[in-house]
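The values are calculated or read from the model by the stated rules, or taken from the named source; none is laboratory data. Small disclaimer: the values here were computed from a predicted structure and weren't measured. Ideal geometry is used to build each Cβ from the backbone, glycine not excepted, and the neighbour counts take in all protein chains shown.
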């Protein structure tokens, strides 16, 4: 699959997993759930998570390759609330999540999502 398709799947899966994690933490107020979800799933948050993964050498060679391809994906538009660099890094992170999901690497996917949560610090209800 191309990087755009990987990012499409990765975006959906990551969003679902973050929301599931927040619900399992007992957070039951919709406004608070939304605020916390954005802390993880916004383009800025995803780009920051990717930076964390790279700076801490938490990706293997194949994952770095997927990230590079995802980062180089050409987009016809960029959301108005972010810049091109942030958006490309966010897309690269989503492509990584999509790749891991579609290749059924669920244990590794859980690790990456845990790193994502860890990189943002403790969640307060």
- Query: Quick one: is residue 88 under 14 Å from residue 8 (Cβ atoms), modelled with pLDDT under 95 and surrounded by 15 or more Cβ atoms within 10 Å (Cβ to Cβ)?
  - Reply: no
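Scan segment 89-106 and give yes if some residue there is assigned to a loop (DSSP other than H, G, I, E, B) and in contact (Cβ under 8 Å) with a residue 24 or more places away in the chain, otherwise no. Spell out how you get there, then give the answer.
Taking segment 89-106 as the starting set, the residues that turn out to be assigned to a loop (DSSP other than H, G, I, E, B) are 103-105.
With in contact (Cβ under 8 Å) with a residue 24 or more places away in the chain added as a condition, the list becomes none.
For segment 89-106, residues assigned to a loop (DSSP other than H, G, I, E, B) and in contact (Cβ under 8 Å) with a residue 24 or more places away in the chain: absent.
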- Message: Looking at (1) in a loop (DSSP other than H, G, I, E, B); (2) farther than 17 Å from residue 109 by Cβ; (3) touching a helix residue (DSSP H, G or I) at 6+ places or on another chain (Cβ under 8 Å); (4) in contact (Cβ under 8 Å) with a residue 40 or more places away in the chain, which one does residue 26 not meet, given that it meets all the others?
- Response: (3)
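Residue by residue, here is whether (1) in contact with a helix residue (DSSP H, G or I) (Cβ under 7 Å, 6 or more places away or on another chain); (2) in a helix (DSSP H, G or I); (3) touching a residue at least 60 places away in the same chain (Cβ under 8 Å); (4) crowded, with 19+ Cβ neighbours inside 10 Å holds:
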| site | (1), (2), (3), (4) |
| --- | --- |
| 1 | yes, no, yes, no |
| 13 | yes, yes, yes, no |
| 16 | no, yes, no, no |
| 45 | yes, yes, yes, yes |
| 52 | yes, yes, yes, no |
| 59 | yes, no, no, no |
| 64 | no, yes, no, no |
| 69 | yes, yes, yes, no |
